[in-house]
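The next block holds one structure in the form of structure tokens; read it before the comments.
Since every read-out is calculated from the coordinates, none of them should be taken as a lab result. Bear in mind that the values here come from a model prediction, so they are computed numbers and not experimental data. In this analysis, Cβ positions are derived from the backbone assuming ideal geometry, glycine residues included, and neighbour counts consider all displayed protein chains.
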Amino acid sequence: MKKPKLSFWQIWNLSFGFLGVQIGYSLQNSNTSSIFESLGADVSHLSYFWLAAPLAGMVIQPIIGMFSDGTWTRFGRRIPYILGGAVISTIALLLMPNCPVLLAIAPLAMGAFILLFMDLSFNVTMQPFRALVADMLDDSQKTEGYVVQTFLINLGAVIGAFLPLVMTWLGVSDETVPGQVSKHIAYSYYAGGVILLLTVLVTVFKTKEYPPKEFAEYNGLPYDEAGSGCRTAENENAAAAGKSAVMEKKPGFLSLMRNIPKVMLQLGVTQFFSWAALFLMWTYLKPAITGIVTDPSTGEVLSDGATQTWVGVLNGIYPIPACIVSIFLSRIAARYGNKAVYAACLLCGALGFGGLLLVHNQYLMMLPMVGIGIAWAGILAMPYSILSRDVQAASMGAYMGIFNFTITIPQIVIGLTGGLIVKWIFGSQAVWMLALAGVFMLLAAVSTAFVGRGEKS
């Protein structure tokens, strides 16, 4: 029995909440290094603060995936986690700009704590969105589902990255004061938190997940008849007591790890290099271009505050081509295969990082970000489209969570070693970390040759 075909707007609503989550995540990516620098952190210590995100993802996403696989409530299977995580994420975004006030004697420690709190909540919210698409769509619509999700993620990244610039247009000061978070950054975090919650509520109220019986039928799984008709008012309590057989014999974590699909391991190599490159960019872009990027109209180097605002602009540029490319990805992949498209996207990213090393003009720096944006589109869509076809529906959430290891492990590795590399190998010249990112992205493109699922994988 096939799942029903969903309309475009139903697919859109499945992932609309991810728009808000990505706005918050984009604010974090663009401004974390600057916030901690303003609170007194040294450039060689920045990567340690960035460890919060991958550590949170490594711990939380598999747990949330396994729990959501076995959660059947009147509100849905994934929705309760999405909503709960969104509420906590909003609180974290509101608290982050106030860390110097919350703990004046140790603002860096408070900032690190709130950053960890924020990343934990982001991961609680994000992970179920990946599994929700796989749950609700059949194989013929999954690539479209992840492409739409990619479009919304990139749109959110653009909005989040540009929010500080918008705040300056509205008259909010971008002056940097040691020991304080700039006002235009603080106001951006407040706006991002509100938008995050509102967009998630759209997904919550516009998406009705399949109840246990329908889910079992659509995926060819056995079902305990004690839970049949679970969505009627008369037997809601019976549904709570009588679970689907999908839930009765859930494999444990170790069993899941022993039976990881081969393609997940192959994708893991590509993921390692691509996410290591992205982590280097997010961590070191601001210190790398500080004192280098120039205003072409005057030829003068941008001030620290203006550089920070421009980092937000650059972080808002690369999701724009990613949005455009994502619209066509499913059709291109249908013709040439997911793997070939994935490799081409990553190669564009490697060229983009190379361009950042050669350009100092603040406006021309937008051009290399186009290549990075194309890579970003491929990274967000292609691995999940490839993987979702090889994972059993009953364990989709758990395996999507485990697959997140391929995102978090490279970031942890770079987070632990990045400070040593930039200090002892590159003499505290952060610009060379962008060169390293380019090498990693090139290796990611090459490694797709070893991902095999047949001609059209």
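Please compute the length gained on full extension between Trp169 and Phe113, using 0.36 nm multiplied by the number of residues separating them and subtracting their Cα-Cα distance. Present the calculation step by step, with values, prior to reporting the outcome.
Numbers: separation 56, 0.36 × 56 = 20.16 nm, distance 3.12 nm.
Value of the extension gain: 17.0 nm.
With θ set to phi - 60° and the Karplus curve 6.51 cos²θ - 1.76 cosθ + 1.60, what are the ³J(HN,Hα) couplings of the stretch 113-129 in order, to the nearest whole Hz, using x for Gly and Pro?
5, 5, 4, 5, 4, 5, 5, 4, 5, 4, 5, 4, 7, 6, 4, x, 4
Using Cα centres only, tell me the gap between the stretch 14-76 and the stretch 138-156 in whole Å.
Going from one Cα centre to the other spans 20 Å.
Determine the calculated [θ] at 222 nm for the chain from helices alone, applying -39500 (n - 2.57) to every DSSP H run no shorter than 4 residues and normalising by the residue count; nearest 500 deg cm²/dmol.
-24000 deg cm²/dmol
Shape of the stretch 1-121 from its Cα gyration tensor (a ≥ b ≥ c, root eigenvalues): rounded if a/c is under 1.5, otherwise prolate when a/b > b/c, or oblate? Don't skip to the answer; put the middle values down first.
Values: a/c = 2.55, a/b = 2.28, b/c = 1.12.
In terms of gyration-tensor shape, prolate.
Could you sort 3-14, 124-135, 105-116 so that the peptide with the highest average Cβ count within 10 Å comes first and the rest follow in order?
Details: 3-14: 15.6, 124-135: 25.8, 105-116: 18.0.
Packing proxy ranking, top to bottom: 124-135, 105-116, 3-14.
Taking the highest mean first, how do the peptides 273-280, 411-418 order by number of other beta carbon atoms within 10 angstrom per residue?
On the way: 273-280: 26.1, 411-418: 20.0.
In descending order of packing, they fall as 273-280, 411-418.
Once P(r) over Cα pairs in 10 Å bins from 0, in percent is worked out from the coordinates, which option in (1) 4, 20, 28, 27, 17, 4, 0; (2) 5, 21, 32, 25, 12, 4, 1, 0; (3) 4, 15, 18, 13, 13, 12, 9, 6, 4, 3, 2, 1, 0 does it equal?
Among (1) 4, 20, 28, 27, 17, 4, 0; (2) 5, 21, 32, 25, 12, 4, 1, 0; (3) 4, 15, 18, 13, 13, 12, 9, 6, 4, 3, 2, 1, 0, the one derived from this structure is (2).
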